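Inspection log for the structure reproduced underneath, given as structure tokens.
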Amino acid sequence: MKKEFITKIDVVSGYLGSGKSTWIRHLVEDQIQGEKIFLVLNEYGEESLESLKEAENNEVSFIDVNSGGCICCGGMNDFRETLTEKIAWECPDRVIIETAGTAVLSNVLSSIEAVRKMGKRNGDEILLGTAYTIVHGKKLRVYYKNLGSFYEDQLQNSSHIIVTHIEDTAEEVARQIVDKVKEINPAAVVERLR
């Protein structure tokens, strides 16, 4: 008989250099305790997270999806099937997905909903945890202007937004950056990473 379990899926989005890897490291090393975690890295050049395999407080494994393309578009079907199968066979407590910088977060969340439904048919309980977007505070205005709908989609579909790279910014400017993020997504929890 299959053991009943719940798998929680968290998503970490944001553009290259925003601090996604730093945030994932913080979650795995400081926030999450005693869990079997799968990390799905859909960004290139993330060797800095390899050391998380040695995390003392969690069991960490990696799922590589780069060969299948971006999980929000070209590689979406393979991603859904692979993740559903991994969850069914290996029963992780949590999956943390790091999206590519240009990922359409709404598509990633739709894929997670499809995984949740496929898992339910298999008798697995899969929940969407937190959809984080990591925002490079000093580049917010430039990214928002130049990347338009991609960036707006990430911000509007996040439940939790972390603003980074503003620790040496004047307090008034930092407050304006945070206020702009809150204006774009008033429903999200917005915090500054110090």
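Computed values, structure above
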{"item": "Residue count, the range 8-26 (criterion: surrounded by 21 or more Cβ atoms within 10 Å (Cβ to Cβ) and over 21 Å from Leu140 (Cβ atoms))", "result": "2"}
{"item": "Close pairs (8 angstrom Cβ cut-off, 6 or more residues apart or separate chains): closer than 15 Å to Val11 by Cβ in the range 25-43, open to solvent by 40 Å² or more (accessible area, probe 1.4 Å) and in a helix (DSSP H, G or I) anywhere", "result": "Phe38/Lys86; Phe38/Glu90"}
{"item": "Residue that is surrounded by the most Cβ atoms within 10 Å (Cβ to Cβ) [pool: residues in the range 112-132 that are over 16 Å from Ser159 (Cβ atoms), in contact (Cβ under 8 Å) with a residue 24 or more places away in the chain and out of contact with any Gly (no Cβ under 9 Å at 6 or more places or on another chain)]", "result": "Val115"}
{"item": "Exclusive hit being modelled with pLDDT under 80, touching a helix residue (DSSP H, G or I) at 6+ places or on another chain (Cβ under 7 Å) and assigned to a strand (DSSP E or B), set Ile96, Ile63", "result": "Ile63"}
{"item": "Top-ranked residue of the range 28-44 - restricted to ones that are in contact with a Lys or Arg (Cβ under 9 Å, 6 or more places away or on another chain) and either open to solvent by 20 Å² or more (accessible area, probe 1.4 Å) or part of a helix (DSSP H, G or I) (or both), ranked as farthest from Glu85 (Cα to Cα)", "result": "Glu43"}
{"item": "All positions within the range 96-111 that are buried (at least 24 other Cβ atoms within 10 Å of the Cβ) and either within 23 Å of Gln33 (Cα to Cα) or among the β-branched types (Val, Ile, Thr) (or both)", "result": "Ile96, Ile97, Glu98, Thr99, Val108"}
{"item": "Matching entry among Val163, Val135, Val178, Val173 (being of a type outside the set (Lys, Arg), without any contact (Cβ under 8 Å) to a residue 60 or more places away in the chain and closer than 15 Å to Gly17 by Cα)", "result": "Val163"}
{"item": "Residue within the range 158-170 that is part of a helix (DSSP H, G or I), out of contact with any Asp or Glu (no Cβ under 7 Å at 6 or more places or on another chain) and open to solvent by 80 Å² or more (accessible area, probe 1.4 Å) present", "result": "no"}
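The values are calculated or read from the model by the stated rules, or taken from the named source; none is laboratory data. Since we're looking at a predicted model, the values are computed, not measured. Methodologically, a virtual Cβ is constructed for each residue, glycine included, from the backbone with ideal geometry; neighbour enumeration extends over all protein chains shown. SASA here: full protein model, heavy atoms, side chains in, ligands and nucleic acids out. Shrake-Rupley method; radii C 1.70, N 1.55, O 1.52, S 1.80 Å.
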